[in-house]
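The values are calculated or read from the model by the stated rules, or taken from the named source; none is laboratory data. Predicted, not measured: the structure shown is a model, and the values here were computed from it. Heads up, the Cβs are rebuilt from the backbone with ideal geometry, glycines too, and the neighbour counts pull from every protein chain shown.
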Amino acid sequence: MVQNNSNNIAAGSSSNGTENILEVSHLKKTFHIKSPDGKKGLLRAVDDVSFTIKKGETFSLVGESGCGKSTLGRTLLGLYTPDQGSEILFNGEDITKFSKSKRKNFAKKAQLIFQDPSACLNTRRTIKQILLEPFKIHKIQNGEAKIKELMDMVGLANRFLDRFPHEMSGGQKQRVGIARALALDPELIVCDEPVSALDVSIQAQVINLLEDLQKQLNLTYLFISHDLSVVHHISDRVAVMYLGKIVELSTRDQLYEKTQHPYTKSLLSSVPDITDEHREKIILTGDVPSPSNPPAGCRFHTRCPVAMDICKTQEPNFIETDSKHFAACHLQTK
């Protein structure tokens, strides 16, 4: 086992010569909150997270609702300001130190696909107006010709350009959201639960579209999801988050075949598998602790079925348990 500091989580870094598009070190994002009784506090949504993403790969982030996945993704895009000490390198440049002009240029290169296609499209504008907006903001010519190409890329006929969002199905609206994300020729796209609001019959179509676009345009995805069956299909590597921290990170196949962390095991046990009807299902007891008051030691110990005394007092190190497989669990150091 090789122990690593959080800023040296090298799963997917330069050991194989592949260039990283994103390098995240000690990322923290806290929010000032006030409880119903008026007391002020801090909500630690993302707490000292480090990882890298290679150019052209799909890096997935999974975990229960409220674990910090979406906050992490939006902080990487600059929609939230990270805490001091955080470092986010995009193609080698720290976006936390960008000037206003550099940040505007970064917005062209890193885009977001939202979870709810109905909520992210302006209901008072036609699809044509929605897709033209990025070109107007960045003062780019030939927008009308480009949006016709975009519609073709996402599998929508040009007749939809004159429609309003309410005249389209959920799947069609999400295709519009994808087209908008592609408008400025990005390199990195954060996909924040992009299929969870869609019917199951449509989910596979959208996932296949994302994969086709990735190959065609050499895109890099940060794919955020709670659906491990979708993640298994689309991912190259997977990071598992719990209460603001990454507890396991590995290649997709390693994660599913050689699971190291008890939390990951519980998540995987909940995925239906008709080929293994006798598989044990791990039921976690208790509620997820509040990120404004996380437990001491391992944050998962209050719900962990195999917790030890050390888990209650000492936070586990994030270690390399196998080649390119990392986990933060005291069981892996025994």
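A few comments on the model shown:
- Scope region 298-314; condition buried (at least 16 other Cβ atoms within 10 Å of the Cβ), in a loop (DSSP other than H, G, I, E, B) and not β-branched (V, I, T); matching residues: C298, R299, F300, H301, R303, C304, A307
- Number of positions in region 231-248 that are assigned to a helix (DSSP H, G or I) and surrounded by 23 or more Cβ atoms within 10 Å (Cβ to Cβ): 1
- Those residues of region 259-297 which are at pLDDT 85 or above and part of a loop (DSSP other than H, G, I, E, B), in sequence order: T259, Q260, H261, P289, S290, P291, S292, N293, P294, P295, A296, G297
Yes or no, residue by residue, for (1) touching a helix residue (DSSP H, G or I) at 6+ places or on another chain (Cβ under 8 Å); (2) of a type in the set (A, V, I, L, M, F, W, C):
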| residue | (1), (2) |
| --- | --- |
| V240 | yes, yes |
| T264 | yes, no |
| S269 | no, no |
| P289 | no, no |
| H301 | yes, no |
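- Contact map, region 148-176: residues that are outside the structural domain of Q214 (by TED's automatic domain parsing) and surrounded by fewer than 19 Cβ atoms within 10 Å (Cβ to Cβ) paired with residues that are β-branched (V, I, T) and not in a helix (DSSP H, G or I), Cβ distance under 6 Å, separation 6+ or inter-chain. No pairs are found.
- Selection count where residues are under 25 Å from the mean Cα position of the chain (by Cα) and farther than 15 Å from T264 by Cα, scope region 303-334: 8
- Hits in region 70-98 - residues which are out of contact with any strand residue (DSSP E or B) (no Cβ under 7 Å at 6 or more places or on another chain) and exposed (fewer than 15 other Cβ atoms within 10 Å of the Cβ): L79, T81, Q84, G92, E93, K97
- Here the condition is being surrounded by fewer than 19 Cβ atoms within 10 Å (Cβ to Cβ), assigned by TED's automatic domain parsing to the domain that holds D116, hydroxyl-bearing (S, T, Y) and without any contact (Cβ under 8 Å) to a residue 40 or more places away in the chain; of S196, S201, it holds for S201 alone.
- Of all residues in region 105-124, those that are assigned to a helix (DSSP H, G or I) have Cβ atoms under 8 Å from Cβ atoms of residues that are aromatic (F, W, Y), 6 or more apart or on another chain, in F106/F90; F106/F98; K109/F90.
- Residues that are under 17 Å from V271 (Cβ atoms) and either touching a Pro at 6+ places or on another chain (Cβ under 8 Å) or of a type in the set (G, A, S) (or both), drawn from region 198-222: A204
- Pairing residues of region 318-331 that are touching a residue at least 12 places away in the same chain (Cβ under 8 Å) and more than 12 Å from H301 (Cα to Cα) with residues that are among the aliphatic types (A, V, I, L, M) and surrounded by fewer than 17 Cβ atoms within 10 Å (Cβ to Cβ), at Cβ distances under 6 Å and at least 6 apart in sequence or on separate chains, gives I319/M1; E320/V2; T321/M1.
- Hits in region 129-147 - residues which are surrounded by 12 or more Cβ atoms within 10 Å (Cβ to Cβ) and touching a Phe, Trp or Tyr at 6+ places or on another chain (Cβ under 9 Å): G143, E144, K146, I147
- Number of positions in region 154-199 that are among the small types (G, A, S) and more than 18 Å from Q111 (Cβ to Cβ): 7
- Scope region 203-230; condition part of a loop (DSSP other than H, G, I, E, B), under 16 Å from the mean Cα position of the chain (by Cα) and modelled with pLDDT of 95 or more; matching residues: L219
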